[in-house]
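Structure first, then comments.
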Amino acid sequence: MAKQDKKEKFYLTTPIYYPSGKWHLGHCYTTVYGDAIARFKRMEGYDVYYLTGTDEHGQKIEKRATEAGTTPKAFVDGLVEEIKKLWQELDVSYTKFIRTTDKDHVAAVQKIFKRLYDKGDIYKSKYKGKYCTPCEAFWTESQLHDGKCPDCGREVQDAEEESYFFRLGKYAPRIRKLLTETDFLRPESRINEMVNNFIDAGLEDLAVSRTSFTWGVPVEFDPGHIVYVWIDALSNYITALGYDGENFSADTAKYWPADLHLMAKEIVRFHTIIWPAILMALDLPLPKHVVAHGWLLFGGDKMSKSKGNVVDPFVLSARYGKDALRYYLLRAMPFGADGAYTGETFLTRINADLCNDLGNLVRRTGKMNVQYFGGTVTRGKAGKEDGAMTAQIDALYGEVAAEMNDYKPQRALEKIFDLIGAANKYIDCTQPWVLSKTGDTERLREVLYVLDEAIRVAGTLLLPFIPETAGKILGSLGLQCPERNGNLRFGGVKEYHVREIDALFPRLNVEKELEELEKLAQANAPKEKKSENETKADKAKENKTLGNKQSNAPCCEDKNMETENEREYITIDDFCKVQLRVAEVLACEKVEKADKLLKLTLKVGEETRTVVSGIAKHYTPEEMVGKRVVLVANLKPRVMRGIESCGMILCASQGDKLVLVTPEAAIDSGAEVC
Ligand code: MSP
């Protein structure tokens with residue numbers, strides 16, 4: 001419930017962004033999500049400190065600046081201004097914007113590093129691994145694919161580099177406990193991922209300095225070394241509160257530990273393994289919660305993929321309004337899961353929820369208030385339709401608070417829109433226009449009062465999500481935006497002075513808007529496309545792999561995600577074009593001079609055909625005979641090593657592992673896989 005008397009602190013952080021200059025809608029997600037929570041907590045009476053900022057060091061920035069013919073600092077300065085504008089555009093109410101180039105942050109990171117070194121938790125050693133020169137990336141043996149660079153597929157060389165290491169392994173048991181015995185990390189699926197893939201796989205010490213570039217925080221006592229970007233970046237959560245390696249600032253010390261670190265799923269490992277270990281080494285209290293959301297994926301309509309700007313938040317916000325964008329984002333993803341952006345879902349949601357449900361309710365009700373009572377409405381005579389409605393109004397705050405305190409804005413919005421939907425139905429069944437005709441003024445007044453109350457409670461609870469619109473809604477009821485939640489029970493306001501307002505959200509012609517967005521996309525599409533190899537090499541270079549000896553998880557930046565984001569969806573019709581059939585392997589032999597290929601003779605119903613498959617490293621010809629496999633039956637035939645291959649058999653692969661996909665129970669060859 002509301003913290004009315006004593007202000008409890010709530011320290012919330014979202015990731016600090018790479019100033020890459022390509023802000024897309026996905027980038028806005030964490031920060032808007034954080035903003036909704038920050039606003040809600042403030043409304044509940046908490047003393048909220050909401051931190052965001054920029055993560056400005058590293059090789060990638062250094063390289064981009066050089067390409068742009070400028071210094072890294074000048075390069076990031078421009079981009080930081082842009083991201084600040086974006087947060088302003090989206091009404092993000094952060095308390096502090098930290099930059100990792102801030103002088104006090106840099107000095108504090110140096111002190112933190114020195115402190116860990118003095119304590120013996122950081123030591124100097126040699127990094128040994130495999131090095132991919134074009135990608136400038138180090139890999140461990142187990143990360144290689146077929147002995148080659150997992151990013152670009154090229155040969156790697158043995159390499160050694162002097163580096164400082166953090167004794168991450170030493171903290172493994174405490175981190176395991178933290179993850180498995182507390183509610184530190186959510187959703188739960190992420191716990192298993194961290195424990196199984198990283199901790200139980202063996203936590204190796206972490207390389208925490210680099211010598212191959214200079215744009216970063218120099219190790220104070222060994223200036224040829226630059227502090228690993230993730231140590232630099234994660235430290236922002238404490239340096240923002242004035243932590244200098246010893247103490248916090250007197251006025252902000254109270255905010256540590258963080259109550260919530262919010263982020264997308266690919267950077268959970270840094271926040272739940274490396275970050276707690278650093279804090280343990282610094283003898284600082286640990287953050288209370290880490291919540292990882294999914295990714296907003298882009299694809300599935302013609303506006304996606306490499307056309308970038310249609311999902312440029314500046315473009316969408318300018319055209320449809322900041323609240324449309326905030327609302328879309330906050331409803332886009334169920335807790336922990338991914339969501340998919342398409343222009344159509346975006347526009348449809350604005351029309352259905354904001355224009356139809358919310359907009360119509362406010363407009364219709366406002367109009368009737370003015371028409372029937374000159375805008376002044378008080379209590380009247382209760383009716384049989386009221387009980388359910390007033391109960392729903394009464395319950396809403398509790399329901400929304402429960403969801404928001406569980407960090408589920410999507411669910412909270414669902415609850416609010418349930419009430420909005422119910423209020424629209426209430427209008428339909430009470431039929432105020434009939435009451436006005438029959439002269440039942442008392443009943444009519446009560447109906448409008450109930451509706452005003454529904455709009456007030458919903459509008460107040462919408463403030464954290466769509467602040468500008470919620471302000472307009474409350475204004476239409478003659479109310480100010482409350483700083484706190486106030487009285488959100490039915491009957492909380494006794495008298496309304498309502499005025500009509502313009503439509504909150506204009507109705508969009510989805511077809512036409514899709515065309516407009518397509519035009520914008522065309523106008524802003526990148527002119528040249530890099531070759532696949534160039535792109536892969538670029539991505540790999542950005543991958544600060546040296547930072548971790550043992551993991552092949554996406555270690556930094558959003559590059560892995562962009563691959564995901566640009567995923568092209570197919571329709572069911574596209575899928576139906578693929579004919580999948582069960583096939584029985586009648587015969588199998590090795591293909592001469594091809595150590596990876598097997599030639600299979602398959603029975604597919606009545607038909608027999610030959611397929612060449614690259615599975616020789618995983619299955620012997622003997623093992624294959626008699627197996628039932630899944631065949632892509634209508635794949636264009638292709639000649640491989642002089643053999644015409646008529647189809648492809650399906651396998652599942654994971655790292656070096658490859659297994660056949662087979663029917664789960666006996667079924668005739670030729671059976672359709674659907
Ligand atoms: N600099 C690091 C964070 C360091 S925190 C100590 C970083 N920056 S980022 O710019 O790549 O990403 C910022 C945030 O945006 C991250 O939480 C990232 O996961 C999130 N997202 C980027 N693209 C996204 C989507 N498509 N969908 C949802 N979130 C996305 O990571």
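The values are calculated or read from the model by the stated rules, or taken from the named source; none is laboratory data. What you are looking at is a predicted structure, and each value in this text was computed from that prediction instead of being measured. Neighbour counts are summed over all protein chains in view; Cβ atoms, including those assigned to glycine, are modelled from backbone coordinates with ideal geometry. Areas reflect the complete protein model, heavy atoms only, side chains present, ligands, DNA and RNA absent. Shrake-Rupley method; radii C 1.70, N 1.55, O 1.52, S 1.80 Å.
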**Study point:** Karplus-derived 3J(HN,Hα), 6.51/-1.76/1.60, for each residue of the range 450-460, Hz, glycine and proline x
**Key:** 4, 5, 4, 5, 4, 5, 4, 5, 5, x, 5
Practice item. Give the distance, in whole Å, between the Cα centre of the range 347-379 and the Cα centre of the range 653-671. Key: 57 Å
**Study point:** Per-residue SASA entry for Glu442, accessible area with 1.4 Å probe, Å² rounded to 10
**Key:** 80 Å²
Study note, to complete from the structure: Which residues qualify? For Ala340, with a placed amide H closer than 5 Å and at least 5 residues away or on another chain, they are Leu297
Review point. From the phi of every residue in the range 80-85, what ³J(HN,Hα) in whole Hz does the Karplus formula 6.51 cos²θ - 1.76 cosθ + 1.60 yield, where θ is phi - 60° and glycine or proline is x?
Key: 5, 4, 5, 6, 5, 4
Exercise for review: Please tell me which of these pairs span more than 32 angstrom C-alpha to C-alpha: Lys96/Lys148; Lys103/Lys130; Lys63/Lys84; Lys593/Lys627; Lys22/Lys617; Lys367/Lys415?
Suggested key: Lys96/Lys148; Lys103/Lys130; Lys22/Lys617
**Study point:** Hz values of 3J(HN,Hα) by residue in the range 498-511 - Karplus curve (6.51, -1.76, 1.60), Gly and Pro given as x
**Key:** 9, 10, 6, 10, 5, 3, 5, 9, x, 5, 9, 8, 4, 4
Check your understanding: Cross-link partners among aspartates and glutamates for Lys472, C-alpha distance below 17 Å, same-chain residues fewer than 8 apart left out?
Key -> Asp91, Asp323, Asp353, Asp357, Asp452, Glu453, Glu483, Glu500, Asp502
**Study point:** Accessible area, probe 1.4 Å, largest first, for residues Asp47, Asp418
**Key:** Asp418, Asp47
Review point. To the nearest 10 square angstrom, what accessible area does Glu344 show with a 1.4 Å probe?
Key: 100 Å²
Revision key, fill the gap. The answer for the net charge of residues other than Val630 whose Cβ lies under 15 angstrom from its Cβ, with Lys and Arg +1 and Asp and Glu -1, is +1
Study note, to complete from the structure: Residue-normalised 222 nm signal for the chain, counting each DSSP H run of n ≥ 4 as -39,500 (n - 2.57), nearest 500 deg cm²/dmol, is -11500 deg cm²/dmol
Check your understanding: Which residue, chosen from Thr140, Gly153, Thr66, occupies the Cα position most advanced towards the positive end of the dipole of the chain, where the dipole is computed from +1 (Lys, Arg) and -1 (Asp, Glu) charges on Cβ about the Cα centre?
Key -> Thr66
Check your understanding: Tilt of helix 322-332 relative to the longest C-alpha principal axis of the chain, in degrees (0 to 90, nearest 10)?
Key -> 60 degrees
Revision key, fill the gap. Counting sequence-distant residues (5 or more places) and residues on other chains, those with an amide H built under 5 Å from that of Gly53 are Tyr17, Ile98
Review point. Just the accessible area for Cys674, please: 1.4 Å probe, Å², rounded to the nearest 10?
Key: 140 Å²
Point to revise | Amide proton proximity set for Thr376, modelled H, under 5 Å, gap of 5+ | key: Val498
**Study point:** With at most 10 other Cβ atoms within 10 Å, longest stretch of the chain clear of loop trypsin sites (Lys or Arg not before Pro) (DSSP)
**Key:** 7-383
Practice item. Among the aspartates and glutamates, select those whose C-alpha is under 15 Å from the C-alpha of Lys512, and discard any that sit fewer than 8 residues away in the same chain. Key: Asp301, Glu344
Revision key, fill the gap. In terms of the charge dipole of the chain, which places +1 on Lys and Arg and -1 on Asp and Glu at the beta carbon, the residue among Gly245, Gly491, Trp230 farthest towards the positive end is Gly491
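Once the other residues with Cβ under 11 Å from the Cβ of Arg326 are scored (Lys, Arg +1; Asp, Glu -1), what is the net sum?
Working: positive: Arg39, Lys322, Arg331; negative: Asp35, Glu89, Asp91, Asp323, Glu468.
Taking every other residue near Arg326 into account, the sum is -2.
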